[in-house]
Each structure stands twice: as C-alpha cells, then as structure tokens.
Amino acid sequence: MVCKNFFRTRPVMEEECLWGEGHRGAVEDLLSAALRGNTAVLLGPRRVGKTSVVSVMAEKLRRKRGHHYVYFNFSRFIGSRAISISDIEPKRTSLKMITTSKSYTISFRGLSVEVRKTSIEEFSRDFSTLVRVISQNARLGVLIFDEAQVLARLKNLDFRGLLQEITDSYPNISLVFTGSMPGMLVEYLNPSAERPNFMRSAEIFTLPRWSTGEGRGYLMEGFRSYGISVANELELSRAVEELGGVPGFVSHYGITVVNFVRDGKSPEEALPMALEKSRRYALEEWRKDIEAFLNVYNSEVYMGVLRVLAEAYPSALRGAEIYRRLQSLGLAPTRVQHVYKYLETLEKAGFVRSSEKRYWIEDPLLREAVKKFSPH
C-alpha cells in the first residue's frame with residue numbers, strides 16, 4: 001500500500017506511512033521481542049518517531065488473533081516534578097474501554113475490570129486484576145509505556161513492583177517501554193545491574209534519526225503526493241541537515257512548504273521560507289525541553305554547563321575544563337568532582353554526549369537553543 005498522508009503532525013499509525021529503515025526495523029524488533037515474551041525498551045530523543053514506531057507495532061499486533069495491547073503515554077508529564085495514580089490511564093487499547101474522572105473500565109470477552117484511581121490500594125489491586133484477566137483470556141497481551149522515565153516521579157507507589165509481578169506471574173504478558181531520556185529510563189527500570197528484575201530479559205533498541213538521504217527521500221515522496229515538483233534536491237538535503245535529521249522537524253518543514261505553495265508561493269520561494277519557519281519551531285521545541293528539564297532539576301549549574309559546552313563546540317571538554325569555565329561565570333559547584341554529577345544527569349537526559357571523558361552537545365539546534373535560552 002502507498003501512504004496517502006505525508007507530513008502529518010500526529011504519530012503515524014499505518015505501517016506504509018512509517019519512513020526510514022531504522023524505524024521500520026524497530027517495529028519488527030519490538031514486535032519480535034514482545035512475541036518472545038521479553039521486555040523491550042526503545043530509546044531515542046523526542047520527536048524522533050518512538051510513538052509512531054510503537055503505534056505501528058501495536059496495530060500489527062492487534063491484527064494477530066488473540067493478541068491485544070494497552071497503551072499508556074506520559075509525554076505530557078515530562079516537565080512535571082511528580083505524577084499520581086490518576087495520571088496512569090490508557091490512551092489507547094485494542095479492547096473496549098470507558099473512562100471517567102475516577103476510574104477506567106476495560107472489557108474483554110464479557111468480562112469488565114474497573115481500575116479505580118481513588119487510592120493507592122485500590123489502584124494496585126485493580127491493575128493487578130486487569131493484567132490477570134488479560135493473561136487468562138488472550139494469547140498475548142502487551143502493555144506499552146511511552147516516555148516511561150516519568151514513572152520514576154510517581155508519588156507514593158513504586159510502579160516497578162507491579163511490573164515485577166507481571167513478569168514473574170504472567171508469561172503471556174509482555175512489556176514495552178520508550179524513553180527520550182535514555183539514561184534515566186534505564187536507571188529507573190534497572191537501578192542495580194547486580195540484582196535481577198524484570199529487565200533481566202530486556203531487549204534494548206535505539207531509534208536513529210533520519211540520514212540525509214532518508215530525510216530527502218521522505219520530502220521528495222511527500223511533495224510528489226501533494227503534486228509539488230521540487231527540482232533542487234540539494235536544498236532539501238540542507239533542510240534535513242539543519243533540522244538535525246529529526247523526523248518531527250523534517251515533517252513540519254514538509255507541511256510548511258505545502259502550505260506556502262497553497263498560498264501562492266512557488267516551490268523555489270517556499271523552500272527557504274519554510275526552512276526558516278521550521279528552524280524557529282525546532283528551537284522553540286528545544287527550549288521547551290530545556291525548560292521541562294530545569295523544572296525537575298532546579299539548579300542554575302545545569303544551564304551553566306550547557307552554555308559552556310554550546311560555546312565550546314566543536315571542541316569537546318573535560319570535566320576540569322568545564323569547571324574552570326563555570327568558575328569564570330560564578331556558577332561552579334563547591335568541588336570539581338561535583339561537575340561530573342551534573343554532566344552525568346545531562347547525559348542521561350540526552351542533552352550531552354561523551355567519549356573518553358570529554359563532553360559535547362551534538363545537535364546543532366540544541367546548541368543554538370541553549371545559547372538563546374531564557375525561561376518563559
């Protein structure tokens with residue numbers, strides 16, 4: 001089948017519209033892991049397409065007889081300092097679901113399970129019952145937790161206890177997690193590598209950004225579907241590179257070009273105008289990500305470290321060099337060793353990369369967003 005809806009702003013649901021070799025491969029990897037009964041973890045930055053991948057995987061699973069999924073999405077809580085059990089509610093499922101302000105009810109083969117969100121005890125008991133009923137009546141059930149690192153901030157309940165119960169008790173229930181803060185998610189799911197838990201059989205995958213060729217191909221195919229002819233493919237390659245190969249930003253660029261052409265601009269006029277608009281959009285999205293991070297990790301030292309690394313690029317700095325530059329800004333922690341704790345957190349959050357004890361910010365738009373950052 002041919003994709004009929006390019007440049008969408010919402011996650012992809014149809015396999016034919018999922019672009020990129022890495023993305024299509026990730027669908028098969030997650031599906032295979034789930035069918036084997038293993039826990040699967042999909043890592044990657046925001047807007048790279050993780051939700052699209054798990055959505056396509058869920059739809060492929062649903063088409064198998066006796067296979068069902070329940071999908072939870074925590075992306076809107078990324079900047080929250082805490083969440084409660086009332087925030088743990090499915091956004092989609094292959095089963096029938098009714099939601100109210102105080103509970104949700106999932107029905108399956110004439111059985112209905114109400115999961116109450118009025119107390120920790122009721123929620124824990126009801127959630128366990130829901131999993132047991134799915135296990136008893138399905139060949140395979142898959143629970144998907146999108147942006148699952150947010151669960152670490154759940155108040156008054158360690159959700160990992162329920163996850164452990166699932167893997168210990170129900171071999172036909174598989175777990176799938178995604179996270180845009182890779183280190184934080186893995187640390188939450190498996191805080192001690194020496195202690196076996198539900199991560200002992202986990203398969204971990206990383207979703208890549210699009211290559212320049214993939215991004216250019218996506219734009220060319222999309223423009224053709226809208227009847228727009230673009231002769232200058234180099235301009236498209238430049239757009240993909242300037243937008244960091246992030247599928248969400250590239251898709252925004254594509255629909256922006258389409259809208260400019262609809263408004264009477266020629267493709268030649270629309271391309272640079274759309275790139276400038278999409279760059280502004282991407283910078284604002286990165287600003288929101290930084291602000292969400294600082295809302296949880298409330299220290300000006302983090303912003304100081306990011307500014308130092310953004311200004312130093314393309315040089316990668318050692319911790320001692322970062323400390324000296326922070327001293328000149330009046331932002332240095334008490335001891336140089338403390339810098340590494342800040343760097344570790346920033347790396348786990350996906351803002352910073354390191355190699356051989358040197359640190360840098362890889363994404364060009366993130367570097368620019370850091371330099372321009374001022375909280376709203």
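The values are calculated or read from the model by the stated rules, or taken from the named source; none is laboratory data. These figures come from a predicted structure and were not determined experimentally. FYI the Cβ positions are ideal-geometry reconstructions off the backbone, even for glycines, and counts take in every protein chain you see. Heads up: the accessible areas ignore ligands, DNA and RNA and are worked out on the full protein's heavy atoms, side chains in. Shrake-Rupley method; radii C 1.70, N 1.55, O 1.52, S 1.80 Å.
Condition first: open to solvent by less than 70 Å² (accessible area, probe 1.4 Å) and hydrophobic (A, V, I, L, M, F, W, C). Now tell me which residues in the stretch 101-117 satisfy that.
Kept after step one, since they are open to solvent by less than 70 Å² (accessible area, probe 1.4 Å), are these residues of the stretch 101-117: 103-108, 113, 115, 117.
Matches in the stretch 101-117: ILE106, PHE108, VAL113, VAL115.
Here the stretch 44-62 is the region considered, the condition is being open to solvent by less than 30 Å² (accessible area, probe 1.4 Å) and assigned to a loop (DSSP other than H, G, I, E, B), and the residue that is nearest to ILE106 (Cα to Cα) is GLY49.
The residue of the stretch 319-353 that is nearest to the chain's Cα centre (by Cα), among those that are within 28 Å of GLU147 (Cβ to Cβ) and of a type in the set (D, E, K, R), is LYS348. The number of residues in the stretch 97-112 that are of a type in the set (Val, Ile, Thr) and within 15 Å of TYR69 (Cα to Cα) comes to 2.
Just to check your reading of the model, which residue among ILE98, ILE120 is more than 26 Å from LEU35 (Cβ to Cβ), in contact (Cβ under 8 Å) with a residue 24 or more places away in the chain and either of a type in the set (D, E, K, R) or open to solvent by 20 Å² or more (accessible area, probe 1.4 Å) (or both)?
On the way: ILE98 fails: in contact (Cβ under 8 Å) with a residue 24 or more places away in the chain.
Step by step, each of ILE98, ILE120 is checked, and only ILE120 is more than 26 Å from LEU35 (Cβ to Cβ), in contact (Cβ under 8 Å) with a residue 24 or more places away in the chain and either of a type in the set (D, E, K, R) or open to solvent by 20 Å² or more (accessible area, probe 1.4 Å) (or both).
Candidates SER94, SER101, SER80: the one that is at pLDDT 95 or above and of a type in the set (S, T, N, Q) is SER94.
The residue that is farthest from ALA349 (Cα to Cα), among those in the stretch 2-55 that are in contact with a strand residue (DSSP E or B) (Cβ under 7 Å, 6 or more places away or on another chain) and among the small types (Gly, Ala, Ser), is GLY37. Restricting the stretch 9-34 to residues that are of a type in the set (A, V, I, L, M, F, W, C) and closer than 13 Å to VAL176 by Cβ leaves a set whose member that is surrounded by the most Cβ atoms within 10 Å (Cβ to Cβ) is LEU30. Selection of helices (runs of 4 or more DSSP H) fully inside the stretch 258-376 by the criterion of at least 1 residues being of a type outside the set (Gly, Ala, Ser), open to solvent by 40 Å² or more (accessible area, probe 1.4 Å) and in contact (Cβ under 8 Å) with a residue 60 or more places away in the chain returns 267-296, 300-312, 338-348, 364-372. Under the condition of being touching a residue at least 40 places away in the same chain (Cβ under 8 Å) and out of contact with any Ser or Thr (no Cβ under 9 Å at 6 or more places or on another chain), which residue from the stretch 131-166 is nearest to LEU31 (Cα to Cα)? So, considering only residues that are touching a residue at least 40 places away in the same chain (Cβ under 8 Å) and out of contact with any Ser or Thr (no Cβ under 9 Å at 6 or more places or on another chain), the one nearest to LEU31 (Cα to Cα) is ARG139.
Taking the stretch 74-95 as the range and being over 20 Å from the mean Cα position of the chain (by Cα), surrounded by 19 or more Cβ atoms within 10 Å (Cβ to Cβ) and within 17 Å of PHE123 (Cβ to Cβ) as the test, only ILE85 passes. Would you please list the contacts, defined by Cβ atoms under 7 Å and residues six or more apart or on different chains, that run from a residue in the stretch 218-247 that is of a type in the set (S, T, N, Q) to a residue that is surrounded by fewer than 16 Cβ atoms within 10 Å (Cβ to Cβ) and in a helix (DSSP H, G or I)? If the second residue must be surrounded by fewer than 16 Cβ atoms within 10 Å (Cβ to Cβ) and in a helix (DSSP H, G or I), the pairs left are SER237/THR212.
Residues of the stretch 58-73 being hydrophobic (A, V, I, L, M, F, W, C) and over 15 Å from the mean Cα position of the chain (by Cα), which ones? Write out each step before concluding.
Our first condition is that a residue be hydrophobic (A, V, I, L, M, F, W, C); within the stretch 58-73, this holds for 58, 61, 70, 72.
Result: ALA58, LEU61, VAL70.
The set of residues in the stretch 212-256 that are under 24 Å from ARG10 (Cβ atoms) and open to solvent by 60 Å² or more (accessible area, probe 1.4 Å) comprises ARG216, GLU221, ARG224, SER225, TYR226, GLY227.
Residues considered: TYR313, TYR281. Of these, the only one that is among the aromatic types (Phe, Trp, Tyr) and either touching a Cys at 6+ places or on another chain (Cβ under 7 Å) or more than 30 Å from LYS4 (Cα to Cα) (or both) is TYR313.
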